[in-house]
C-alpha cells in the first residue's frame, strides 16, 4: 500500500497582515471571511494501517467479488449486478456547471477494507490504535465520551464500519443504528423493503455506480412512536490511496418517529482526484420527522486546483406518510467538485420538505448543488434557503427544482438563494426550475447575487 | 406530403424548399447575400429543429412544427378589408412575408429616417446591409435563426440617422392571410439606430383567418452610442398559427433598448429576446405580457448579456394562463467578468386561472463579476384570496372581483407603454377579456 506521508500544513501561514487604523465591524467580518477562504486544508494526513484492496477496474466479477467479500445474500448480489448492467449503458451527466478531466472508471479500486476483517473489534479497546488516532485528530468523540458529547458514532473508515457506539442504549428503544453490512445480515427484510425505494439503481449514472459497488454505510431504523434521544452521527473518511468511496445510507423513520442524523466528512490530502459517489435514502412514514445534516469537508485540492475529491452524491428523502417532514441541512466547504442535490419527494398529504445550504468555494473549487422539491400530496410545503459564497477562481452554482404536480392542491414553496462573490475571477450562478401544474398552489422564488457591503 | 417523421425527412423537406426558393430568385442568387443563405441552410441541416432534450427548449414541444411540411408562401394574396384599420402611417406592411408597396409608405434616402423593404434598402445602403444583416443573428446555435437566414429575402429595414429623433412611431405589420395550404414565412427585421438617435417601433403580427401557418421571424436591432429604441411587439396571430421570433439586440455605450411584447395569439409561440450590452452605461428593458387560453402554449425566452461595466437591465414578465394553456419563461442574465457595477433585475409573475393550466419557469443568473447587484424573483400562484375577499365584502360578485384582480395583475405591463394609442388598444383588449 501507498505509505507516502504528507506533512501537515501549518495553519494560516504568513497570511496575517497587521491592520492599522480604524477596524470597523465590517472589515473585521470580511477579514474573517478572507481568512477562512484562504485557509489551507487542515486535515491532510494519511493513516498507516494495512488495507485490503482488490485490483483496480470494474466488471461483473468485481461486483460479485465485493458482494461475496461482504457475504451478501443472493438477492443483493443480483441487485448490484442489475445496477452495474444499467450503469454500463448510462452516460455520465454533463449538464452540471462543472468542468473536469474525464474519469477513467477502470482506474479506480472499488473495494478496500481495514485488514482486521476476520478479527472485528468487540469494543473500542480492540480497535487499531492508529485508527483511533485518526479519529482523535479529527476530533471525533469515539471513546468513552457518551455523556459528554451525547453523540453516537458509527464510524466508517474507508469502506467498512469498524466501530459503533451507543448501540445498546439505542437498541433498548428498538432503534437500529448499524453499518449497512450488518443491517443486510441482521435486518434483511427492512433493507430489502426500502433499499432503492427512494433512489432506484437506475436513477442516475452515479447512483447506478454506487448501487453496483457500494462498500458500506449506515443504516438507521427508528420504530413507531420513538423519538431518538441523541444525535446519530457518522464520520466518513477516505483513506487508502486510489480508493473510491461508495457509501450507502438508509434511514427509516416509522410512524411518529423522530431522528436527527449528522454526517461529517474529511479526507487526507492527495494529488490525484478521488471519486466519491454516495447514495442516501430517507423514508419518513406518517407523522415522522428526519433531520439530516452534513458537514462536507473533503479535501478540496490545492491552491492551483490540483487534486481534491469529486463529490457526486445522490441524496433523496421520501415523505411517504401524512404530516411527515424531512429536513436537509448542509455545509459544503470541501471537495474539488461537488454535484449534489438533496431532495424531497412530498408524497404524503401535509408533508414538509426543507433544505438549508451554505456552500463555500475557494481556489479552483466547483460546486453545483441545490435541491429538488417534488410536491405530490395535498397541502405539502417546502422551504429552500441556499447561500453560496465564491472566492478565488471558484465556480458556485445553485441548481434547484420545485415541481407542483396536478394533485398537489394547497401546495406551498418558498425559495431564497443568495450568492456572494469575493474577487473578480470567480463565478456564482443560479439555475432554478419551477414547474407548476396546480392552480391552488403558491410558489415564490427569490435570488440575489451581490458583493459584500 | 404527409407528416414529416424523421430528422432526415425534416432536412430533405427544407432542402427541397430551399431549392425551390433559389430557383425563384432569378439571378439574385449570385449576390453576396446568397452565400449567407447557403451557409445558413447548411447549418440548419446540421442542427435540425431543437428537441425537448435541448435545455433551451426543455418545456416547449415542437412536434407540431417539426412534423408539418410547410410550404413557402409564394404568390400574391388579398388582404381582407379592415385588416389595417387603425394602424397609422408611417408603416411598412408585409403580406405572407412579402413586402406590400400598396399598403406601405417608404422613405428611402431620407436624411433622418429610412424605412424600406430589405431588397430596396440593399440598393440605397449596400454597405449597411453588408455590414449588419446577419451579423448578430446567431445562426451557429439557433436553428430557427439559421432557417430564417437561409430563406432571407424580404423584410423591414429601418435606419435612424445620427442625432435624429423620430416622434411618430414606425409601424411594421406582418399579415398572414387565410389560405388552404400550410405556409411558412420568414419575416426579417433590421433596425439600425445611429448615435444619439431615438425611435419608437411597433411591430404587429396579424392573422386574418383561423388557418395553420408558421411565421419564423428574426430581428436584428443595433443601437449606436446613446441611441434610444422603444420597441413594441403585438402578436395577434391566428389561433392555429405557429410563431417563433428571435430578436437579437446589440447595444453600444449609453444606449437604451426597451422591448415590450403583448402575446395574444398563436397555438404555439416563442418570443425570444437576446440582448448584448456591449458598451458602458447601457440599459435594456424587456417586458412581456402573455395571456393564454384554450390549449395555447407560449414560451418567453430572454438572454441578457452584460458585457460591459455599469449597465442596467430590467425585466418584467407576466403570464396568465387559463383553460389548458401552458406558459413558459426562461430568463438568463449573464454578467461577464469585467462587467462591474452591473445592476440587473428580473421579475416573473405567473397567474394560474384554471385547474388544467400549467406554468414552467426558469430564471437564471450567471455571474462572473463580483461588484454587481443581480436579482431575480418568480412567483406562481392563483388570484390573491384576501384581495378577492376584500372586493366581495364590498358587494362585488365573485367573477367580477376575479376580473378586476386579473386585470390589475396584467396592467403593470401597460403602465410602461409610452405610445398612447398602443396603451389604449392593449387596455381595451384586456378589458374585453376581463369585463368589469
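What follows draws every value from the coordinates through simple rules; no lab data is involved. Predicted, not measured: the structure shown is a model, and the values here were computed from it. Cβ placement follows ideal geometry from the backbone for every residue including glycine, while neighbour counts extend to all protein chains displayed.
Binning the alpha carbon pair distances of chain B at 10 angstrom intervals from zero yields the distribution 4, 21, 32, 27, 12, 2, 0, 0, expressed in whole percent.
Note on residue A:358 and residue B:418: the model spin-label points, each 7 Å out from Cα along the C-beta direction, lie 4.7 nm apart.
Please arrange B:302, B:6 by how many other C-beta atoms lie within 10 Å of their C-beta, fewest to most. Spell out each step's value before the answer.
On the way: B:302 26, B:6 8.
The fewest-first ordering by Cβ neighbours comes to B:6, B:302.
Going by how many other Cβ atoms sit within 10 Å of their own, how do A:383, B:291, B:152 line up, fewest first? Spell out each step's value before the answer.
Values: A:383 16, B:291 25, B:152 21.
Taking fewest neighbouring Cβ atoms as first place, the list is A:383, B:152, B:291.
In this calculation the C-beta distance from residue B:32 to residue B:12 is compared with R0 = 30 Å, giving a FRET efficiency of 0.65. Simple spin-label estimate for residue B:89 and residue B:180 gives 3.7 nm between the two label positions (7 Å along the Cα-to-Cβ direction from each Cα).
Note on chain B: helix-only mean residue ellipticity at 222 nm, from DSSP H runs of 4+ residues weighted -39500 (n - 2.57) and normalised by residue number, equals -7000 deg cm²/dmol.
Given R₀ = 35 Å, FRET efficiency for residue A:64-residue A:231 by Cβ-Cβ distance, to 0.05? Once the sixth-power term is evaluated, E becomes 0.40.
Which distance in Å, rounded to a whole number, links the C-alpha centroids of segment B:130-208 and segment A:382-453? Taking the Cα centre of each part, segment B:130-208 and segment A:382-453 sit 36 Å apart.
If the chain between residue B:24 and residue B:5 were fully stretched, how many nm would it gain, using 0.36 nm times the residue separation less the Cα-Cα distance? Mind showing how you got there, number by number?
Values: separation 19, 0.36 × 19 = 6.84 nm, distance 2.74 nm.
Taking 0.36 nm per residue and subtracting the Cα distance, the gain is 4.1 nm.
Protection proxy ranking for A:399-406, A:54-61, using the average of other Cβ atoms within 10 Å per residue and placing the highest first: A:399-406, A:54-61. For segment B:117-172, the Kirkwood estimate of the hydrodynamic radius, built from every pair of different alpha carbons, is 13.0 Å.
May I ask you to order B:129-139, B:11-21 by the average number of other C-beta atoms within 10 Å around their residues, highest value first? Don't jump to the answer; show the numbers that get you there.
On the way: B:129-139: 18.5, B:11-21: 16.5.
Output ranking for B:129-139, B:11-21: B:129-139, B:11-21.
Full extension of the chain between residue B:105 and residue B:76 yields a length gain of 8.6 nm, computed as 0.36 nm times the residue separation minus the alpha carbon distance. Rounded to the nearest 5, the antiparallel percentage of DSSP beta bridges internal to segment B:7-434 is 5%.
With the Cα gyration tensor of segment B:63-188 giving a ≥ b ≥ c as the square roots of its eigenvalues, does the rule (a/c under 1.5 for rounded; else a/b larger than b/c for prolate; else oblate) give rounded, prolate or oblate? Walk me through the intermediate numbers first.
Values: a/c = 2.23, a/b = 1.24, b/c = 1.80.
Oblate, because a/c is 1.5 or more while a/b does not exceed b/c.
Over all residues in B:353-366, what is the mean tally of Cβ atoms on other chains that come within 10 Å of each residue's Cβ? Mind showing how you got there, number by number?
On the way: counts 1, 1, 6, 4, 4, 7, 7, 6, 8, 6, 8, 8, 12, 9.
Per-residue shielding by partner chains comes out at 6.
Here each label is just a point 7 Å from Cα along the line to Cβ, and for residue A:88 and residue B:392 those points are 6.2 nm apart.
Using the beta-carbon distance between residue B:408 and residue A:406 and R0 = 30 Å, what value does 1/(1 + (r/R0)^6) give for FRET efficiency, to the nearest 0.05?
The formula returns an efficiency of 0.65 here.
Rg/Rh for segment A:337-453 stands at 1.05; both radii use Cα atoms, and Rh follows the Kirkwood definition. Placing a label point 7 Å from the Cα of residue B:294 along the Cα-to-Cβ direction, the residues of segment B:409-436 whose backbone N falls under 20 Å from that point are B:429-435. Taking other C-beta atoms within 10 Å as the exposure proxy, B:431, A:393, B:243, B:250 rank B:431, A:393, B:250, B:243 from fewest upward.
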